[in-house]
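The structure appears right after this line, and notes come after that.
The values are calculated or read from the model by the stated rules, or taken from the named source; none is laboratory data. All values derive from a computational prediction rather than experimental measurement. All Cβ positions, even for glycine, are placed from backbone atoms using ideal geometry, and neighbour counts span all protein chains on display.
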Amino acid sequence: MSNGTTLVGMDGSASSKRALDWAARRVAQRGGHLRLLCVVDFAFGTDVYGSQFDPLENASWALDEASKYVAQNYPAVDVSTDWVDGRPALELVKASSEAELVVIGTDKSPEIGGPRVGTIPLKVAARARCPVAVIPDLGNARRRGVTVGVDRSPRSHEALAVAVHEACWLGTTLRVVHAWHVPPPFASDVTPDLQPDPRYQDSLESVLDDALAELNTPIPDRVTVVTELARENAALALVDRSLRAELLVVGCRGRGRVASYVLGSVSHDVLLNITSPVLVVPGAKAAVTTSKDFEGEEW
């Protein structure tokens, strides 16, 4: 059981409702508290609609509808609602310091080609103090398994530990993927038959073995682990292998003042081409905890 808080960003949109359903089902199964937060940008609303804009009415409607949905479909879930004036991404990042998980929806789906994730999931995933789940339009396809991408970095090993935990909860297969590719200058038409040194291939295999060996807890027998070394772009490899997955887990950059401005190319590209629920796991906790720490940043 979990006593932590799952925070859902609600705005009344179809994508936020999908995030709500995913989060409420998770809390119903695992325990904990569900907090629904609606962020309303007063300044923007007033600029667009003038005096007729009523932020409280809009926020209350979205939260009331969400509360009713949880009560009807997940009556055992402990749920609270709240709203705040501000920029959605910034306020969700602030609120993440008191959450175990942040859940956000996106209108992207596996059937829609091209990136449509929007900027809010990217910004929140890059700066949140806790893991962030981004939920696309999943359709009715049957899903199975947890996929995780690993390399030699500590953040990917943290992602692997989270993926093992998720696979245990779901009672499903865990696919551990390490992807690599050769940049164009090293794989041109001038040397089409050039192949990597076998010793280099062996060193790549050890990435998977080492990551699994460094886990602090053993993997239960009920979780089947499948490892794969893929010679292709890492983001594309993960997106492709999670097309029918229940969850894709990726690591994020470290939490320093500079590093945390961006996600990192793999997690960023995965979110832009999202095909399954994606759980972005941050590195070490950052020192950014107050509003003053965010001054001067573009949200």
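Do we have residue 257 as modelled with pLDDT under 85 and in contact with a helix residue (DSSP H, G or I) (Cβ under 7 Å, 6 or more places away or on another chain) here? In short, no.
How many residues does region 211-253 hold that are polar (S, T, N, Q) and not in a loop (DSSP other than H, G, I, E, B)? Write out each step before concluding.
Pass one, region 211-253, residues polar (S, T, N, Q): 216-217, 224, 227, 233, 242.
Imposing the further condition that a residue be not in a loop (DSSP other than H, G, I, E, B) reduces the set to 227.
Residues meeting the conditions: 1.
For region 1-115, which fully contained strands (runs of 3 or more DSSP E) count at least 1 residues that are under 20 Å from residue 279 (Cβ atoms) and modelled with pLDDT of 95 or more?
Details: elements: 5-9, 33-40, 78-85, 101-105.
Because the criterion is at least 1 residues that are under 20 Å from residue 279 (Cβ atoms) and modelled with pLDDT of 95 or more, the strands (runs of 3 or more DSSP E) in region 1-115 that meet it are 5-9, 33-40, 101-105.
Okay, residues lined up against (1) modelled with pLDDT of 95 or more; (2) in contact with a Lys or Arg (Cβ under 7 Å, 6 or more places away or on another chain):
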residue	(1), (2)
135	yes, yes
140	no, no
145	yes, yes
160	yes, no
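With the structure loaded, tell me whether residue 174 is touching a helix residue (DSSP H, G or I) at 6+ places or on another chain (Cβ under 9 Å), modelled with pLDDT of 95 or more and not polar (S, T, N, Q) or whether it fails that test.
Details: touching a helix residue (DSSP H, G or I) at 6+ places or on another chain (Cβ under 9 Å): yes; modelled with pLDDT of 95 or more: yes; not polar (S, T, N, Q): yes.
Considered against the rule, which asks whether it is touching a helix residue (DSSP H, G or I) at 6+ places or on another chain (Cβ under 9 Å), modelled with pLDDT of 95 or more and not polar (S, T, N, Q), residue 174 comes out as yes.
Scanning region 12-23 for residues that are surrounded by 19 or more Cβ atoms within 10 Å (Cβ to Cβ), farther than 17 Å from residue 131 by Cβ and either among the hydrophobic types (A, V, I, L, M, F, W, C) or over 17 Å from the mean Cα position of the chain (by Cα) (or both) yields a total of 1. Of all residues in region 119-130, those that are outside any loop (DSSP other than H, G, I, E, B) have Cβ atoms under 6 Å from Cβ atoms of residues that are of a type in the set (Ser, Thr, Tyr), 6 or more apart or on another chain, in 121/106; 127/260.
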